[in-house]
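J.: Take this structure first; my questions come after.
The values are calculated or read from the model by the stated rules, or taken from the named source; none is laboratory data. Because the structure is a prediction, the values reported are computed rather than measured. Cβ placement follows ideal geometry from the backbone for every residue including glycine, while neighbour counts extend to all protein chains displayed. Note: areas computed on protein heavy atoms with side chains; ligands, DNA, RNA excluded. Shrake-Rupley method; radii C 1.70, N 1.55, O 1.52, S 1.80 Å.
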Amino acid sequence: MEEMEETLRELEVWLQEALAAADSVSAVEALRVATLGKKGRLTTILKNLSRLSTAERARQGAAANILKKKAIHLIQKRRSTLQKAELDASIVVERIDTTLSARPEQVGRIHPVSQTLDEIMAIFGWMGFAAVEGPDIEDDFHNFTALNIPPGHPARQMHDTFYLPERADGTRFLLRTHTSPVQIRVLEKEQPPIHIIAPGRVYRRDSDMTHTPMFHQVEGLVIDNTINVGHMKNCISLFINSFFEQNDIQVRFRPSFFPFTVLSMEIDVSYLCKNNEETCNTSESWLEIIGCGMVHSHVLTSCGLDPERWQGFAFGMGVERLAMLKYGIPDLRTFYEPDLRWLQHYGFLFMDVPSVSGRR
Ligand code: DAH
(Lines give C-alpha, C1' and ligand atoms only; values in the text may rest on other atoms or scores of the structure.)
Protein backbone atom coordinates (compact mmCIF):
# COMPACT_ATOMS: atom_id res chain seq x y z
CA MET A 1 0.00 0.00 0.00
CA GLU A 2 2.97 2.25 0.50
CA GLU A 3 3.32 1.81 -3.22
CA MET A 4 0.06 3.70 -3.85
CA GLU A 5 1.01 6.53 -1.48
CA GLU A 6 4.31 6.73 -3.29
CA THR A 7 2.50 6.98 -6.64
CA LEU A 8 0.23 9.78 -5.36
CA ARG A 9 3.20 11.77 -4.05
CA GLU A 10 5.07 11.30 -7.31
CA LEU A 11 2.07 12.37 -9.29
CA GLU A 12 1.70 15.51 -7.21
CA VAL A 13 5.34 16.48 -7.66
CA TRP A 14 5.15 15.77 -11.38
CA LEU A 15 2.02 17.86 -11.76
CA GLN A 16 3.45 20.81 -9.84
CA GLU A 17 6.62 20.82 -11.91
CA ALA A 18 4.82 20.35 -15.18
CA LEU A 19 2.40 23.16 -14.39
CA ALA A 20 5.25 25.50 -13.48
CA ALA A 21 6.88 24.69 -16.83
CA ALA A 22 3.65 25.08 -18.83
CA ASP A 23 3.82 28.36 -20.74
CA SER A 24 0.40 28.55 -22.38
CA VAL A 25 -3.25 27.95 -21.60
CA SER A 26 -3.29 25.09 -24.08
CA ALA A 27 -0.29 23.42 -22.36
CA VAL A 28 -2.22 23.60 -19.06
CA GLU A 29 -5.21 22.05 -20.74
CA ALA A 30 -3.04 19.17 -21.99
CA LEU A 31 -1.86 18.58 -18.40
CA ARG A 32 -5.41 18.60 -17.13
CA VAL A 33 -6.34 15.90 -19.64
CA ALA A 34 -3.20 13.89 -18.74
CA THR A 35 -4.15 14.04 -15.05
CA LEU A 36 -7.92 14.21 -14.76
CA GLY A 37 -9.10 13.22 -18.23
CA LYS A 38 -10.81 9.88 -18.95
CA LYS A 39 -7.48 8.08 -19.19
CA GLY A 40 -5.62 10.55 -16.96
CA ARG A 41 -3.13 9.36 -14.36
CA LEU A 42 -5.24 10.28 -11.35
CA THR A 43 -8.41 8.97 -12.92
CA THR A 44 -6.70 5.61 -13.44
CA ILE A 45 -5.61 5.52 -9.79
CA LEU A 46 -9.15 6.31 -8.67
CA LYS A 47 -10.52 3.55 -10.91
CA ASN A 48 -8.08 1.02 -9.49
CA LEU A 49 -9.25 1.69 -5.92
CA SER A 50 -12.01 -0.87 -6.40
CA ARG A 51 -9.41 -3.60 -6.31
CA LEU A 52 -8.48 -2.78 -2.71
CA SER A 53 -10.00 -4.12 0.49
CA THR A 54 -12.72 -1.98 2.02
CA ALA A 55 -10.49 -0.48 4.73
CA GLU A 56 -7.67 0.26 2.33
CA ARG A 57 -10.07 1.69 -0.22
CA ALA A 58 -11.38 4.15 2.36
CA ARG A 59 -7.90 5.31 3.36
CA GLN A 60 -6.37 5.46 -0.12
CA GLY A 61 -9.55 6.80 -1.59
CA ALA A 62 -9.49 9.73 0.80
CA ALA A 63 -5.87 10.51 -0.09
CA ALA A 64 -6.55 10.24 -3.82
CA ASN A 65 -9.59 12.51 -3.55
CA ILE A 66 -7.60 15.10 -1.64
CA LEU A 67 -5.04 15.05 -4.43
CA LYS A 68 -7.81 15.38 -7.00
CA LYS A 69 -9.13 18.55 -5.33
CA LYS A 70 -5.61 19.91 -5.07
CA ALA A 71 -4.87 19.06 -8.73
CA ILE A 72 -8.05 20.88 -9.85
CA HIS A 73 -7.07 23.89 -7.79
CA LEU A 74 -3.45 23.95 -9.07
CA ILE A 75 -4.55 23.60 -12.70
CA GLN A 76 -7.14 26.34 -12.31
CA LYS A 77 -4.64 28.68 -10.68
CA ARG A 78 -2.01 28.17 -13.36
CA ARG A 79 -4.60 28.55 -16.09
CA SER A 80 -5.82 31.92 -14.82
CA THR A 81 -2.27 33.19 -14.38
CA LEU A 82 -1.48 32.29 -17.99
CA GLN A 83 -4.81 33.62 -19.28
CA LYS A 84 -4.11 36.97 -17.72
CA ALA A 85 -0.58 37.02 -19.15
CA GLU A 86 -1.91 36.13 -22.62
CA LEU A 87 -4.51 38.89 -22.40
CA ASP A 88 -1.92 41.44 -21.26
CA ALA A 89 0.34 40.43 -24.14
CA SER A 90 -2.45 40.70 -26.69
CA ILE A 91 -3.39 44.15 -25.40
CA VAL A 92 0.17 45.30 -26.01
CA VAL A 93 0.36 43.71 -29.46
CA GLU A 94 -3.10 44.76 -30.65
CA ARG A 95 -2.93 48.21 -29.18
CA ILE A 96 -4.28 51.03 -31.36
CA ASP A 97 -2.64 54.36 -30.91
CA THR A 98 -5.66 56.64 -30.91
CA THR A 99 -3.42 59.69 -30.87
CA LEU A 100 -2.14 58.84 -34.35
CA SER A 101 -3.85 60.90 -37.02
CA ALA A 102 -5.97 58.92 -39.49
CA ARG A 103 -4.49 58.39 -42.93
CA PRO A 104 -7.52 58.59 -45.22
CA GLU A 105 -5.39 58.52 -48.35
CA GLN A 106 -4.82 54.85 -47.65
CA VAL A 107 -8.50 53.95 -47.89
CA GLY A 108 -9.26 55.65 -51.18
CA ARG A 109 -11.84 58.27 -52.06
CA ILE A 110 -15.58 58.43 -52.37
CA HIS A 111 -16.72 59.01 -55.96
CA PRO A 112 -18.48 62.37 -56.53
CA VAL A 113 -21.62 60.53 -57.69
CA SER A 114 -21.81 58.57 -54.42
CA GLN A 115 -21.17 61.72 -52.44
CA THR A 116 -23.81 63.71 -54.35
CA LEU A 117 -26.36 60.89 -53.95
CA ASP A 118 -25.67 60.84 -50.21
CA GLU A 119 -26.12 64.59 -50.05
CA ILE A 120 -29.42 64.46 -51.95
CA MET A 121 -30.70 61.68 -49.72
CA ALA A 122 -29.65 63.51 -46.55
CA ILE A 123 -31.65 66.60 -47.60
CA PHE A 124 -34.80 64.72 -48.63
CA GLY A 125 -34.48 62.48 -45.57
CA TRP A 126 -34.51 65.59 -43.44
CA MET A 127 -37.68 66.74 -45.29
CA GLY A 128 -39.37 63.45 -44.41
CA PHE A 129 -38.97 61.50 -47.66
CA ALA A 130 -38.20 57.78 -47.64
CA ALA A 131 -35.69 56.37 -50.16
CA VAL A 132 -36.81 53.40 -52.25
CA GLU A 133 -35.25 51.43 -55.09
CA GLY A 134 -36.60 49.81 -58.22
CA PRO A 135 -35.11 47.34 -60.72
CA ASP A 136 -32.62 48.46 -63.40
CA ILE A 137 -34.18 45.95 -65.82
CA GLU A 138 -37.73 47.06 -66.39
CA ASP A 139 -40.70 46.05 -68.49
CA ASP A 140 -42.34 48.24 -71.08
CA PHE A 141 -45.40 48.83 -68.93
CA HIS A 142 -43.55 50.38 -65.99
CA ASN A 143 -40.99 52.32 -68.04
CA PHE A 144 -43.48 53.70 -70.57
CA THR A 145 -47.15 52.71 -70.73
CA ALA A 146 -48.09 53.31 -67.10
CA LEU A 147 -46.33 56.67 -67.32
CA ASN A 148 -48.76 57.73 -70.02
CA ILE A 149 -46.31 56.88 -72.84
CA PRO A 150 -48.33 54.25 -74.77
CA PRO A 151 -46.88 52.29 -77.71
CA GLY A 152 -46.33 54.64 -80.66
CA HIS A 153 -45.99 57.73 -78.47
CA PRO A 154 -43.21 59.97 -79.85
CA ALA A 155 -41.65 60.28 -76.38
CA ARG A 156 -40.53 56.67 -76.71
CA GLN A 157 -38.17 57.58 -79.51
CA MET A 158 -36.57 60.29 -77.42
CA HIS A 159 -35.53 57.74 -74.84
CA ASP A 160 -32.90 55.85 -76.90
CA THR A 161 -33.69 52.63 -75.13
CA PHE A 162 -31.46 49.59 -74.67
CA TYR A 163 -33.69 46.54 -75.22
CA LEU A 164 -33.03 42.98 -74.10
CA PRO A 165 -33.66 40.16 -76.64
CA GLU A 166 -37.29 39.45 -77.42
CA ARG A 167 -38.94 36.64 -75.47
CA ALA A 168 -41.20 33.87 -76.80
CA ASP A 169 -44.35 35.91 -76.04
CA GLY A 170 -43.03 38.84 -78.11
CA THR A 171 -42.31 41.10 -75.12
CA ARG A 172 -38.89 42.37 -74.27
CA PHE A 173 -37.37 43.77 -71.16
CA LEU A 174 -35.34 46.97 -71.29
CA LEU A 175 -32.81 48.87 -69.23
CA ARG A 176 -34.83 51.61 -67.57
CA THR A 177 -34.34 54.95 -69.31
CA HIS A 178 -35.33 56.95 -66.23
CA THR A 179 -36.19 56.40 -62.56
CA SER A 180 -39.85 57.35 -63.15
CA PRO A 181 -40.98 53.67 -63.29
CA VAL A 182 -40.26 53.53 -59.55
CA GLN A 183 -43.21 55.94 -59.14
CA ILE A 184 -45.45 53.27 -60.65
CA ARG A 185 -43.97 50.48 -58.52
CA VAL A 186 -44.58 52.51 -55.37
CA LEU A 187 -48.11 53.55 -56.38
CA GLU A 188 -49.01 49.92 -57.14
CA LYS A 189 -47.98 48.81 -53.67
CA GLU A 190 -48.58 51.68 -51.28
CA GLN A 191 -51.51 53.80 -50.25
CA PRO A 192 -51.12 57.60 -49.99
CA PRO A 193 -49.84 59.68 -48.29
CA ILE A 194 -46.60 58.98 -50.16
CA HIS A 195 -43.33 60.89 -49.91
CA ILE A 196 -40.52 59.00 -51.58
CA ILE A 197 -37.34 59.53 -53.51
CA ALA A 198 -35.87 56.83 -55.73
CA PRO A 199 -32.16 57.11 -56.53
CA GLY A 200 -30.59 54.85 -59.12
CA ARG A 201 -28.87 54.13 -62.42
CA VAL A 202 -30.54 54.78 -65.76
CA TYR A 203 -29.43 53.83 -69.27
CA ARG A 204 -29.65 55.45 -72.69
CA ARG A 205 -27.97 54.78 -76.03
CA ASP A 206 -26.10 58.04 -76.01
CA SER A 207 -22.46 58.98 -75.61
CA ASP A 208 -20.75 62.35 -76.04
CA MET A 209 -19.40 65.28 -73.98
CA THR A 210 -22.63 65.62 -72.03
CA HIS A 211 -24.06 62.08 -72.25
CA THR A 212 -22.91 58.69 -70.98
CA PRO A 213 -24.81 55.43 -71.67
CA MET A 214 -25.32 55.01 -67.93
CA PHE A 215 -25.97 57.83 -65.51
CA HIS A 216 -27.85 58.46 -62.28
CA GLN A 217 -31.16 60.07 -61.47
CA VAL A 218 -33.14 60.70 -58.33
CA GLU A 219 -36.90 60.53 -58.74
CA GLY A 220 -39.27 62.12 -56.27
CA LEU A 221 -42.98 61.52 -55.67
CA VAL A 222 -45.41 63.15 -53.27
CA ILE A 223 -49.07 62.07 -53.19
CA ASP A 224 -51.67 63.27 -50.71
CA ASN A 225 -55.13 64.83 -50.84
CA THR A 226 -54.21 68.52 -50.68
CA ILE A 227 -51.00 68.78 -52.69
CA ASN A 228 -50.69 71.70 -55.12
CA VAL A 229 -48.10 73.41 -57.33
CA GLY A 230 -47.05 75.65 -54.42
CA HIS A 231 -45.89 72.62 -52.48
CA MET A 232 -43.89 71.44 -55.47
CA LYS A 233 -42.20 74.81 -55.97
CA ASN A 234 -41.36 75.18 -52.33
CA CYS A 235 -40.10 71.67 -51.89
CA ILE A 236 -37.80 71.88 -54.90
CA SER A 237 -36.55 75.39 -54.07
CA LEU A 238 -35.75 74.26 -50.54
CA PHE A 239 -33.82 71.32 -51.92
CA ILE A 240 -31.83 73.45 -54.34
CA ASN A 241 -30.85 76.02 -51.70
CA SER A 242 -29.88 73.31 -49.29
CA PHE A 243 -27.93 71.32 -51.90
CA PHE A 244 -25.91 74.27 -53.13
CA GLU A 245 -25.54 75.55 -49.57
CA GLN A 246 -26.64 79.05 -50.56
CA ASN A 247 -29.78 81.01 -49.82
CA ASP A 248 -29.56 83.41 -52.72
CA ILE A 249 -29.29 80.93 -55.56
CA GLN A 250 -31.37 81.93 -58.59
CA VAL A 251 -33.93 79.37 -59.66
CA ARG A 252 -36.03 79.51 -62.82
CA PHE A 253 -39.15 77.39 -63.39
CA ARG A 254 -39.67 77.04 -67.14
CA PRO A 255 -42.78 75.44 -68.73
CA SER A 256 -42.05 72.10 -70.30
CA PHE A 257 -43.70 68.84 -71.30
CA PHE A 258 -43.56 65.32 -69.85
CA PRO A 259 -46.28 62.79 -70.70
CA PHE A 260 -46.65 61.73 -67.06
CA THR A 261 -47.17 65.18 -65.55
CA VAL A 262 -49.32 68.25 -66.13
CA LEU A 263 -48.14 71.79 -65.39
CA SER A 264 -44.77 70.32 -66.27
CA MET A 265 -41.73 72.43 -65.68
CA GLU A 266 -38.01 72.33 -66.03
CA ILE A 267 -35.94 73.99 -63.38
CA ASP A 268 -32.78 75.86 -64.20
CA VAL A 269 -30.30 77.28 -61.77
CA SER A 270 -28.23 80.28 -62.55
CA TYR A 271 -24.60 79.92 -61.86
CA LEU A 272 -22.43 82.95 -61.48
CA CYS A 273 -18.95 81.58 -61.64
CA LYS A 274 -17.26 82.47 -58.43
CA ASN A 275 -14.75 79.77 -57.88
CA ASN A 276 -14.71 77.70 -61.00
CA GLU A 277 -14.13 79.26 -64.34
CA GLU A 278 -14.26 76.04 -66.29
CA THR A 279 -17.99 75.27 -66.25
CA CYS A 280 -19.12 78.65 -67.52
CA ASN A 281 -18.16 80.98 -70.26
CA THR A 282 -20.49 83.90 -69.70
CA SER A 283 -20.91 85.77 -66.43
CA GLU A 284 -24.38 84.30 -65.93
CA SER A 285 -25.74 81.07 -67.37
CA TRP A 286 -28.69 78.79 -66.70
CA LEU A 287 -28.44 75.05 -66.45
CA GLU A 288 -31.38 72.67 -66.40
CA ILE A 289 -31.16 70.31 -63.47
CA ILE A 290 -34.65 69.07 -62.61
CA GLY A 291 -37.85 68.13 -64.46
CA CYS A 292 -41.10 68.18 -62.50
CA GLY A 293 -44.86 68.49 -62.63
CA MET A 294 -48.17 67.51 -61.07
CA VAL A 295 -48.77 63.77 -61.51
CA HIS A 296 -51.00 63.11 -64.55
CA SER A 297 -54.41 61.62 -63.76
CA HIS A 298 -53.68 58.75 -66.22
CA VAL A 299 -50.73 57.72 -64.06
CA LEU A 300 -52.91 57.70 -60.94
CA THR A 301 -55.71 55.71 -62.61
CA SER A 302 -53.31 53.18 -64.14
CA CYS A 303 -52.22 52.47 -60.56
CA GLY A 304 -55.77 52.24 -59.22
CA LEU A 305 -55.89 55.63 -57.46
CA ASP A 306 -58.82 58.01 -57.76
CA PRO A 307 -57.51 61.34 -59.18
CA GLU A 308 -60.50 63.14 -57.66
CA ARG A 309 -59.21 62.22 -54.25
CA TRP A 310 -55.43 62.12 -54.62
CA GLN A 311 -53.01 64.53 -56.24
CA GLY A 312 -49.34 65.09 -56.06
CA PHE A 313 -46.16 66.10 -57.75
CA ALA A 314 -43.17 64.28 -59.15
CA PHE A 315 -39.70 65.30 -60.09
CA GLY A 316 -36.57 63.80 -61.57
CA MET A 317 -33.02 65.10 -61.40
CA GLY A 318 -29.72 64.18 -62.97
CA VAL A 319 -27.13 63.38 -60.33
CA GLU A 320 -24.02 63.85 -62.48
CA ARG A 321 -25.27 67.28 -63.57
CA LEU A 322 -25.75 68.38 -59.97
CA ALA A 323 -22.29 67.08 -59.10
CA MET A 324 -20.67 68.86 -62.07
CA LEU A 325 -22.30 72.11 -61.12
CA LYS A 326 -21.57 71.94 -57.41
CA TYR A 327 -18.02 70.66 -57.66
CA GLY A 328 -16.90 72.27 -60.92
CA ILE A 329 -16.31 69.05 -62.85
CA PRO A 330 -16.18 70.03 -66.54
CA ASP A 331 -16.60 66.75 -68.48
CA LEU A 332 -19.27 64.14 -67.82
CA ARG A 333 -17.32 61.31 -69.45
CA THR A 334 -14.51 61.57 -66.92
CA PHE A 335 -16.89 60.29 -64.23
CA TYR A 336 -16.63 56.81 -65.68
CA GLU A 337 -13.02 56.68 -66.77
CA PRO A 338 -11.11 54.64 -64.22
CA ASP A 339 -8.54 57.35 -63.59
CA LEU A 340 -7.24 57.36 -60.02
CA ARG A 341 -5.76 60.83 -60.36
CA TRP A 342 -9.22 62.15 -61.23
CA LEU A 343 -10.69 60.42 -58.18
CA GLN A 344 -7.88 61.71 -56.00
CA HIS A 345 -8.71 65.22 -57.19
CA TYR A 346 -12.53 65.19 -57.23
CA GLY A 347 -13.21 62.42 -54.72
CA PHE A 348 -14.18 62.85 -51.08
CA LEU A 349 -12.66 61.69 -47.85
CA PHE A 350 -14.55 58.93 -46.12
CA MET A 351 -15.20 61.21 -43.15
CA ASP A 352 -17.09 63.71 -45.33
CA VAL A 353 -20.49 62.30 -44.37
CA PRO A 354 -23.20 64.65 -45.64
CA SER A 355 -25.73 65.89 -43.13
CA VAL A 356 -28.21 68.70 -43.16
CA SER A 357 -27.19 69.99 -39.73
CA GLY A 358 -23.64 70.42 -40.95
CA ARG A 359 -24.78 72.87 -43.59
CA ARG A 360 -24.45 76.62 -43.48
N1 DAH B 1 -38.14 61.04 -66.24
C2 DAH B 1 -37.73 62.32 -66.77
C3 DAH B 1 -36.49 62.16 -67.64
O4 DAH B 1 -35.78 61.22 -67.47
C5 DAH B 1 -37.45 63.30 -65.67
C6 DAH B 1 -38.69 63.71 -64.96
C7 DAH B 1 -39.40 64.83 -65.39
C8 DAH B 1 -39.18 62.99 -63.89
C9 DAH B 1 -40.55 65.21 -64.75
C10 DAH B 1 -40.35 63.39 -63.24
C11 DAH B 1 -41.02 64.52 -63.69
O12 DAH B 1 -40.85 62.72 -62.19
O13 DAH B 1 -42.13 64.88 -63.04
O14 DAH B 1 -36.25 62.98 -68.47
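J.: Determine the relative contact order of region 2-94: mean sequence separation of Cα pairs under 8 Å and six or more apart, normalised by residue count, in whole percent. Walk me through the numbers before you get to the answer.
T.: Details: 51 pairs, mean separation 32.4, N = 93.
Relative CO of region 2-94 lands at 35 percent.
J.: Place a +1 charge on the Cβ of each Lys and Arg in region 2-94 and a -1 charge on the Cβ of each Asp and Glu, then give the dipole magnitude about the Cα centre in debye, rounded to the nearest 20.
T.: My answer is approximately 540 debye.
J.: Given 20 °C and 1.002 mPa s, how large is the Stokes-Einstein diffusion coefficient of region 84-204 in µm²/s, with Rh as the Kirkwood radius over Cα pairs? Write out the running numbers ahead of the final one.
T.: On the way: Rh = 18.6 Å.
The calculation lands on 115 µm²/s.
J.: Here is a follow-up. Could you order peptides 158-167, 290-299 by the average number of other Cβ atoms within 10 Å of their residues, highest first?
T.: Numbers: 158-167: 12.6, 290-299: 21.2.
So the order, starting with the most tightly packed, is 290-299, 158-167.
J.: What is the gain in length, in nm to one decimal, between Ala20 and Gln76 on full extension, counting 0.36 nm per residue of separation less the C-alpha to C-alpha distance?
T.: Numbers: separation 56, 0.36 × 56 = 20.16 nm, distance 1.25 nm.
Length gained between Ala20 and Gln76: 18.9 nm.
J.: In square angstrom, what is the accessible area per residue of the chain with a 1.4 angstrom probe?
T.: Values: 20300 Å² over 360 residues.
Here the per-residue accessible area is 56 Å².
J.: Treating the beta-carbon of each Lys and Arg as +1 and of each Asp and Glu as -1, no other charges, what is the dipole magnitude of region 63-170 about its Cα centre, to the nearest 20 debye?
T.: Numbers: 12 positive and 15 negative charges, 397 e Å.
Around 1900 debye, computed over region 63-170.
J.: I need to check one value: relative contact order of the chain, counting alpha carbon pairs closer than 8 Å and at least 6 residues apart, in percent. Provide the component values of the computation, followed by the final result.
T.: Numbers: 514 pairs, mean separation 60.1, N = 360.
Over the chain, the number comes to 17 percent.
J.: May I pose another question? Based solely on its DSSP helices, what 222 nm [θ] is calculated for the chain when runs of n ≥ 4 H residues each add -39,500 (n - 2.57) and the sum is averaged over all residues, nearest 500 deg cm²/dmol?
T.: -13000 deg cm²/dmol
J.: Between Arg341 and His211, take the C-beta separation as r, use R0 = 25 Å, and let me know the FRET efficiency to the nearest 0.05.
T.: Working: r = 24 Å, r/R0 = 0.94.
Approximately 0.60, to the nearest 0.05.
J.: Which translational diffusion coefficient, to the nearest whole µm²/s, is obtained for region 144-241 from the Stokes-Einstein equation, given a Kirkwood hydrodynamic radius over C-alpha pairs, 25 °C and 0.890 mPa s? All intermediate terms of the calculation are to be shown ahead of the outcome.
T.: Details: Rh = 15.7 Å.
Roughly 156 µm²/s, to the nearest whole number.
J.: Taking all protein chains in place and a 1.4 Å probe, what share, in percent, of the accessible surface of region 2-94 do carbon and sulfur account for?
T.: On the way: 3640 of 6210 Å².
Of all accessible area on region 2-94, carbon and sulfur atoms account for 59 percent.
J.: Report the calculated FRET efficiency for Val262 and Asp331 (r = Cβ-Cβ distance, R0 = 41 Å), to the nearest 0.05. Intermediate values should be presented prior to the final figure.
T.: Working: r = 36 Å, r/R0 = 0.87.
For R0 = 41 Å, the calculated efficiency reads 0.70.
J.: How large a share of the accessible area of region 112-359, in percent, is made up of carbon and sulfur atoms when the probe is 1.4 Å and the other protein chains stay in place? Spell out each step's value before the answer.
T.: Working: 6470 of 12210 Å².
It is 53 percent, rounded to a whole number.
J.: Compute the distance in nm between two label points, each set 7 Å from the Cα along the Cα-to-Cβ direction, one at Arg201 and one at Lys38.
T.: 5.7
J.: Another question, if that's okay. So what are region 1-114's ellipsoid semi-axes, whole angstrom, largest first, if each one is the square root of 5 times an eigenvalue of the alpha-carbon gyration tensor? Could the numbers behind the result be given before it?
T.: Working: eigenvalues 563, 40, 18 Å².
Over the Cα atoms of region 1-114, the semi-axes work out to 53, 14, 9 Å.
J.: Rank by packing, highest mean first: peptides 45-54, 83-92, with packing defined as the count of other Cβ atoms within 10 Å averaged across residues.
T.: Numbers: 45-54: 12.2, 83-92: 10.5.
Per-residue mean Cβ counts within 10 Å order the peptides as 45-54, 83-92.
J.: OK, next. Can you give the FRET efficiency to the nearest 0.05 for Glu10 and Val92, using r as the Cβ-Cβ distance and R₀ = 22 Å? The partial results should precede the final answer.
T.: Working: r = 39 Å, r/R0 = 1.78.
In this case the efficiency is close to 0.05.
J.: Okay, next question. Scale the Cα Rg of the chain by the rule-of-thumb value 2.2 N^0.38 Å and send over the ratio, two decimals.
T.: Output field value: 1.79.
J.: Springs between alpha-carbon pairs under 10 angstrom, Gaussian network model over the chain: which of Glu190, Glu56, Glu308 fluctuates most?
T.: Comparing Glu190, Glu56, Glu308 in a Gaussian network model of the chain, the most mobile one is Glu56.
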